[in-house]
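Written below as structure tokens is the structure these notes are about.
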Amino acid sequence: MFTSILFVSPGFTYAQDVSSAMGTRTYQLDGIGSASFKNIPALLREKWNTRAEVRWDIAKPLSAIAYQVYEEEPIITRYFLSSMGFDLVTEIRHESMYAYVAATDDVMVIAFRGTNLTSLSDWHVNWRYKQVLHHGHYFHEGFVEKYLAMSGKIRESIIQHKPKHIWITGHSLGGALATICAVDLAHAGQMQPNLCTFGQPRVTDSAGAEWLNKLLLKRYARFVNGSDIVPSLPPTYPYIRTYGHAGDLYAFGMQELTISDSSMTAPATTTAFCDQCGRPAPTHPPAPIYQSTAELPPLDQQEYEALLRQEQISSQMHGKNDAGENAMRAGLFDYFLDHKMRKYLRAIESFGSAETTLTIPGR
């Protein structure tokens, strides 16, 4: 199902369109100050049917948490989560991966932070594209491996607190880890976690995505901003099952919010991609792509390698006085501008400024 919600400004009216050095250090939270997020645990006891509504009042604090976990000083993140109303904050670290578990009474939030992914070479070097069976479906080996390295501590926290309401969130690689976490907890059958991700990559093949939709039905919100390139990754490679997306898709455009199922029963047409893409869509994709036409298709091997070469050029420019200007002229950073978590924060604040809940027509 495909619904386009037009965003009209000013007025915030929605209308349906049927088609370290020593010294003093000052920490700022970039406009997401915790004063706006008091008593969040009470809010997270409420339900969010992600197929029928957009709960801006829930998406805002979750996006703020997904942003805050990138803070290099863990104590700042602990203060931030404590000010939201969480009594206990646990930091879990594995290599460059971070997870924060915030709990109070019967509410728990698990937030994942990934590697600094402004560099595509990090993806190329650190992540393997081999797929492994996980709960009977093919998942990205690297994502599963990184999550399992932290899963023991996460389960300890769950056993200790016995929460009734669990929310899992993350941006970029953190969104992928959050998805694997939600899969594990839901598959265990003992709880029904809620999942909300921002700019996450694909984690499983098309069959796995269809299974994920059923496993997390009405509890999986997936936000994509503009021409964010990361949801188009991992790329498609020969002899590897094409990766798919799951969840209820909320795609931000310049003036509209497009709401759609992530996984489709029929292949998407490549011509529709051209209306949304910030890059040329492949005329003949290597495999049928069962996804919303509101979303960029996965990169193919040639596109991915070309993007890696561009990233290497931009890395060589780093530190030069004219680096930013030259890079922007070459268009090297265009694909990552929409990926920054700060962009997601601003989009959610803008689209959700007039109301706490947007009811989705016809769903």
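Looking at this structure, is GLY142 over 15 Å from the mean Cα position of the chain (by Cα), small (Gly, Ala, Ser) and surrounded by 24 or more Cβ atoms within 10 Å (Cβ to Cβ)? Judged against the criteria, GLY142 is not a match.
Yes or no: the range 68-78 includes at least one residue that is farther than 20 Å from GLU349 by Cα and among the polar types (S, T, N, Q). Let's see the steps before the verdict.
In the first step, residues of the range 68-78 are kept if they are farther than 20 Å from GLU349 by Cα; the result is 71-78.
Restricting the remaining residues to those that are among the polar types (S, T, N, Q) gives 77.
Within the range 68-78, one or more residues are farther than 20 Å from GLU349 by Cα and among the polar types (S, T, N, Q).
In the range 145-183, what count of residues is obtained for those that are closer than 22 Å to LYS47 by Cα, among the hydrophobic types (A, V, I, L, M, F, W, C) and either under 15 Å from the mean Cα position of the chain (by Cα) or crowded, with 22+ Cβ neighbours inside 10 Å (or both)? Qualifying residue count, the range 145-183: 8. Among the residues of the range 59-82, those that are over 15 Å from the mean Cα position of the chain (by Cα) and surrounded by 15 or more Cβ atoms within 10 Å (Cβ to Cβ) comprise GLU71, THR77, ARG78, TYR79, PHE80, LEU81, SER82. For ILE76, the conditions (1) farther than 30 Å from SER260 by Cβ; (2) touching a strand residue (DSSP E or B) at 6+ places or on another chain (Cβ under 8 Å); (3) not charged (D, E, K, R) are fulfilled apart from (2). Within the range 94-124, take every residue that is modelled with pLDDT under 90 and in a strand (DSSP E or B) and give me the one that is surrounded by the fewest Cβ atoms within 10 Å (Cβ to Cβ). Per the criteria, the residue is HIS94.
Before we move on, is GLY352 modelled with pLDDT under 75, within 24 Å of HIS171 (Cα to Cα) and either surrounded by fewer than 17 Cβ atoms within 10 Å (Cβ to Cβ) or of a type outside the set (Asp, Glu) (or both)?
Values: modelled with pLDDT under 75: no; within 24 Å of HIS171 (Cα to Cα): yes; either surrounded by fewer than 17 Cβ atoms within 10 Å (Cβ to Cβ) or of a type outside the set (Asp, Glu) (or both): yes.
Judged against the criteria, GLY352 is not a match.
For residues in the range 188-208 being outside any loop (DSSP other than H, G, I, E, B) and at pLDDT below 95, which is nearest to ALA102 (Cα to Cα)? Step by step, filter the range 188-208, then rank; the result is ALA188.
The values are calculated or read from the model by the stated rules, or taken from the named source; none is laboratory data. Owing to the predicted nature of the structure, the values given are computational and were not obtained by experimental measurement. FYI the Cβ positions are ideal-geometry reconstructions off the backbone, even for glycines, and counts take in every protein chain you see.
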